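Student: Attaching a single structure in structure tokens format; questions to follow.
The values are calculated or read from the model by the stated rules, or taken from the named source; none is laboratory data. Predicted model, so just to flag it, every value in this text is computed and none were measured. Ideal geometry is used to build each Cβ from the backbone, glycine not excepted, and the neighbour counts take in all protein chains shown.
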Amino acid sequence: MVKLTQWVVLLFVIIPFSVYSAPANKISISGLPEPLEKNLTYHLESLDSDSMTKMGNVKLTKIVNEALNPFGYYHPTAKLMRVDDKEIKLQVSTGPITTIQESDIIVSGQASTNPELLKIVEQSNLKQGQALHHQEYDSLKSKIQSFALSHGYLDGQFTMTRLEVIPSTNEANIRIHFNSGEQYYFGDTSISNSQIEDERLVNLKDFEQGEPFDVVKLSEYQTSLSETGWFNAIDVHPNYASTADLEVPVEVTVAPRSKNIVEVGGGYSSDMGVRASLGWAQPWYNARGHSFQSAVSVSQPEQSLLLGYKIPTRDILNDYYGIKFETTHLDYLDTLSLASDLTFEKHWKLDNDWQSTVYVKFLYEDYQQAMDEGLSRLLMPGISFSYVDKQQDNKRIKHKHIYAIEYSDSRVVSDTQILRLTGETALSWAISDNQRLNFRVSMGANISDDLSDIPSSLRFFAGGDGSLRGYDYESISPVDENGELKGAPYMLSSGLEYQHRILDAFWIGGFVDVGDAFESKFDAKVGTGLSVIWESGFVPIKFDVAHGLDADKGDQWKVYLSLGAQF
């Protein structure tokens, strides 16, 4: 445990020093409410206290004015005071607030009587006597423009936008004149060059002919077409030149994606040796948009084959049926197994991007696990919930989850009764452009009368890449009286990894993995190590060196090489 403490302390002492560089001399601001103080701090962030003290009053006044003018303060005063060698104090007084003397906001054209647009104008904080705030002025213009584009006022334009500030009297005049022109509507949608039936593509759009024209809905339609995976290129184009009776035709031109796609993967670990995978997929098998996938994975102890067929319903992106067959042969340590399963699935999308799958799986397995030997037939209905964060914002914490419940009953086809629960969560936090923190946790439980009734492929083991680095693959589980691994009814593992960019495409990292596969008492095994990641233009490559703190002597060091995205 002392070794673990040393590694954890080292890892988390390094992180804060990597995240925060040595602080510059402190500049404290007083006399301002929080929003104004934040904006002034932003304008001063490139300056340290030495630069501040050498700055003339003219430049200081200019910076303070740039920060406070947008809030309606045009006569601020500022005073610099050095507290000590490390701190300088900036005392600021806002002066009087500028108020709106005249609010001249006019909407003309067909939208002049639109209650939604009039409500937007009415709710703005730009009325006579109110305090001037530049953001309110810019926000109202943006809201009017957005409303026009999303409601078919394609000819809408501002005929006058003017913010007149009179500093001498602390007054301002607002002038916003907008002419909406006439309202346009969606016309007919035509599709060309598609290998998929037009009806399938038309079902993806969120608008109908005769509805007010909305450029946002056009963009969403293009995104939906892209998410099908059927096309290499997509152009959703409103044909303004062919507008008739204020209806704008929508023309969709696509370039089909290759019907056959091959993917190659692989890796190496000191416990499993070289592993390779080959995938062949048909993103569109026929004009109805059905798809097919297959994958072969081979390593010295394990070989597997996966075949899958997907049948989308009318709601193509969110609702589909699937048929999947997988067979796996494993000859490793105390496990010898040949397992095949056939699964029928129904997928649909829940709220907030969660996916749900209801399925029925038939598992047939011939296995020998330590002293247990058997032929198992299980009919296992189940339900799973999954989430993958697809946001492109690198500053957010990305996350993905998958949880599943399966059940077999000896009264219905199956040889034994099992309630199986599994779950996995992964988080990736981009602390900054050059730092990130990854965390994962996996858990599982088999509830049954006797472990010996559970086939090898459903028992839990820990160890190896993606589980507990520093230990042989699936080498951690309870043992029988002969010292052979018999698998476990329960499993819990987690990993925490900090990564720091050292060059444009190269990162280094430190990690701690903790986990166990157990019967009744959790006995944590710990692995620690270092990583090197190369984000090559072709495929990310990750190299790990891990040390199992609780591994047998002489078998404590493991190396892993993996290809592909980490998250």
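Student: When you check PHE292 against the structure, is it over 28 Å from the mean Cα position of the chain (by Cα) and closer than 26 Å to ILE383 by Cα, yes or no?
Tutor: no
Student: Of these, LEU451, LEU468, which one is on the phi < 0 side of the Ramachandran plot and modelled with pLDDT of 95 or more?
Tutor: Only one candidate passes the filter, namely LEU468.
Student: Tally up the residues in segment 428-451 that are surrounded by 16 or more Cβ atoms within 10 Å (Cβ to Cβ), more than 16 Å from GLY382 (Cβ to Cβ) and of a type outside the set (A, V, I, L, M, F, W, C), please.
Tutor: Within segment 428-451, residues that are surrounded by 16 or more Cβ atoms within 10 Å (Cβ to Cβ), more than 16 Å from GLY382 (Cβ to Cβ) and of a type outside the set (A, V, I, L, M, F, W, C) number 6.
Student: Out of curiosity, is LEU427 touching a residue at least 24 places away in the same chain (Cβ under 8 Å), in the same structural domain as TYR498 (by TED's automatic domain parsing), assigned to a strand (DSSP E or B) and farther than 24 Å from TRP348 by Cβ?
Tutor: Answer is yes for this residue.
Student: Does GLU227 count as closer than 23 Å to GLU116 by Cβ, surrounded by fewer than 17 Cβ atoms within 10 Å (Cβ to Cβ), of a type outside the set (Lys, Arg) and within 32 Å of the chain's Cα centre (by Cα)?
Tutor: No, not satisfied.
Student: Tell me the residue from LYS127, LYS141 that is over 26 Å from ASP214 (Cβ atoms) and within 42 Å of the chain's Cα centre (by Cα), please.
Tutor: That would be LYS127, the only listed residue that is over 26 Å from ASP214 (Cβ atoms) and within 42 Å of the chain's Cα centre (by Cα).
Student: Which residues, taken from segment 203-239, are within 30 Å of ALA281 (Cβ to Cβ) and in a helix (DSSP H, G or I)? Walk me through it before giving the result.
Tutor: Applying the first criterion (within 30 Å of ALA281 (Cβ to Cβ)) to segment 203-239 yields 203-206, 218-237.
Of everything in segment 203-239, those that are within 30 Å of ALA281 (Cβ to Cβ) and in a helix (DSSP H, G or I) turn out to be LEU218, SER219, GLU220, TYR221, GLN222, THR223, SER224, LEU225, SER226, GLU227.
Student: If I ask for residues that are part of a strand (DSSP E or B) and either without any contact (Cβ under 8 Å) to a residue 12 or more places away in the chain or touching a helix residue (DSSP H, G or I) at 6+ places or on another chain (Cβ under 9 Å) (or both), which ones from segment 454-496 would you list?
Tutor: Result: ALA488, LEU496.
Student: Related question: When you scan segment 240-263, how many residues do you find that are in contact (Cβ under 8 Å) with a residue 24 or more places away in the chain, in a loop (DSSP other than H, G, I, E, B) and not aliphatic (A, V, I, L, M)?
Tutor: 4
Student: Which residues, counting only those in segment 115-159, are without any contact (Cβ under 8 Å) to a residue 60 or more places away in the chain, assigned to a loop (DSSP other than H, G, I, E, B) and touching a helix residue (DSSP H, G or I) at 6+ places or on another chain (Cβ under 8 Å)?
Tutor: SER124, ASN125, LEU126, TYR153, GLY156
Student: Where in segment 1-76 are the helices (runs of 4 or more DSSP H), entirely inside, with at least 3 residues that are assigned by TED's automatic domain parsing to the domain that holds ASN170, at pLDDT 70 or above and polar (S, T, N, Q)?
Tutor: Values: elements: 2-19, 34-44, 49-54, 57-68.
Of the helices (runs of 4 or more DSSP H) lying wholly inside segment 1-76, none has at least 3 residues that are assigned by TED's automatic domain parsing to the domain that holds ASN170, at pLDDT 70 or above and polar (S, T, N, Q).
Student: Is it fair to say VAL165 is surrounded by 15 or more Cβ atoms within 10 Å (Cβ to Cβ), closer than 30 Å to ALA241 by Cα and not assigned by TED's automatic domain parsing to the domain that holds PRO70?
Tutor: Working: surrounded by 15 or more Cβ atoms within 10 Å (Cβ to Cβ): yes; closer than 30 Å to ALA241 by Cα: no; not assigned by TED's automatic domain parsing to the domain that holds PRO70: yes.
So VAL165 does not fit the description; no.
Student: Further question: Identify all residues within segment 509-567 that are part of a strand (DSSP E or B), surrounded by fewer than 19 Cβ atoms within 10 Å (Cβ to Cβ) and not β-branched (Val, Ile, Thr); write none if there are none.
Tutor: Within segment 509-567, LEU530, TRP534, GLU535, PRO540, PHE543, HIS547, TRP557, LEU561, LEU563 qualify.
Student: When you go through ASP550, ASP516 one by one, which is the residue that is out of contact with any Ser or Thr (no Cβ under 8 Å at 6 or more places or on another chain) and closer than 18 Å to GLY470 by Cα?
Tutor: After ruling out the rest, the residue left standing is ASP550.
Student: Sticking with this structure for a sec: Taking the options ILE100, ILE105, name whichever one is among the β-branched types (Val, Ile, Thr), part of a strand (DSSP E or B), in contact with an Asp or Glu (Cβ under 8 Å, 6 or more places away or on another chain) and surrounded by 14 or more Cβ atoms within 10 Å (Cβ to Cβ).
Tutor: Going through ILE100, ILE105 in turn, just one is among the β-branched types (Val, Ile, Thr), part of a strand (DSSP E or B), in contact with an Asp or Glu (Cβ under 8 Å, 6 or more places away or on another chain) and surrounded by 14 or more Cβ atoms within 10 Å (Cβ to Cβ): ILE100.
Student: Which of the residues that make up segment 160-202 are part of a loop (DSSP other than H, G, I, E, B) and under 30 Å from SER258 (Cβ atoms)? Steps first, answer last, please.
Tutor: Pass one, segment 160-202, residues part of a loop (DSSP other than H, G, I, E, B): 167-170, 180-184, 193-197.
Passing the criteria: ASN193, SER194, GLN195, ILE196, GLU197.
Student: Check LYS349, LYS324 and return the single one that is in the same structural domain as ARG377 (by TED's automatic domain parsing) and touching a residue at least 12 places away in the same chain (Cβ under 8 Å).
Tutor: The unique qualifying residue is LYS349.
Student: Restrict the check to segment 79-89 and report whether at least one residue is in a loop (DSSP other than H, G, I, E, B) and modelled with pLDDT under 95.
Tutor: yes
Student: Are any residues in segment 305-362 over 29 Å from SER475 (Cα atoms) and β-branched (Val, Ile, Thr), and if so, which ones?
Tutor: Hits for segment 305-362 are ILE311, THR313, ILE316, ILE323, THR357, VAL358, VAL360.
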